[in-house]
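The values are calculated or read from the model by the stated rules, or taken from the named source; none is laboratory data. Keep in mind that what you see is a predicted model, and the values were worked out from it rather than measured. Quick reminder, even Gly has a Cβ in these numbers, built from the backbone with ideal geometry, and neighbours come from all protein chains shown. Side chains included, ligands, DNA and RNA excluded: accessible areas come from the protein's heavy atoms. Shrake-Rupley method; radii C 1.70, N 1.55, O 1.52, S 1.80 Å.
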Amino acid sequence: VRSAEVECEVCLVFDGTEVCRMGRGPSETEATAAAQQSTCGGNTSGMAETLACLNRTPNRATCSAP
């Protein structure tokens, strides 16, 4: 039996533009982390920027369970 997944949208600002991505996981914490990783992955260059992005507080994070 597969557990219900949570879906979260995380939004961060890069160079004055808000970027939002979705993530899924077995819990809100994991789904939010997946969404933030997706958001940071496409908008940073280099490990230092990526780590700084992953440690930022999102402008907005909304989650829902099926």
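List the residues whose amide H sits under 5 Å from the amide H of Val19, counting only those 5 or more places along or on another chain, with H placed 1.01 Å from N in the peptide plane.
Excluding prolines and chain starts, which carry no amide H, the hits are Leu12, Val13, Phe14.
For region 13-66, which whole percent of the accessible surface, found with a 1.4 angstrom probe, sits on carbon and sulfur atoms? It would help to have the intermediate numbers written out before the result.
Values: 1750 of 3530 Å².
Here carbon and sulfur together make up 50 percent of the probe-accessible area.
Any idea of the accessible area per residue across the chain, 1.4 Å probe, to the nearest Å²?
Details: 4250 Å² over 66 residues.
On a per-residue basis, 64 Å².
Scan around Ser27 for amide H atoms under 5 Å from its own, H built in the peptide plane at 1.01 Å from N, and keep only partners 5 or more places away or cross-chain.
Distant-sequence amide H within range of Ser27: Val6.
Applying the Karplus parametrisation 6.51 cos²θ - 1.76 cosθ + 1.60 with θ = phi - 60° to the phi angles of region 33-48, what ³J(HN,Hα) value in whole Hz is obtained for each residue in order, glycine and proline being reported as x?
The phi angles translate into 4, 5, 5, 5, 4, 5, 4, 6, x, x, 10, 10, 10, x, 5, 4 Hz.
Please give the net charge around Gln36, taking every other residue with its beta carbon less than 9 angstrom from that of Gln36, where Lys and Arg add +1 and Asp and Glu add -1.
Working: positive: Arg21, Arg56; negative: none.
Every neighbour counted, the sum reads +2.
What Kirkwood hydrodynamic radius, in Å, does the chain give when the mean of 1/r is taken over all pairs of distinct Cα atoms and then inverted? Intermediate results must be reported in sequence, preceding the final value.
On the way: mean 1/r = 0.0837 Å⁻¹.
This gives a value of 12.0 Å.
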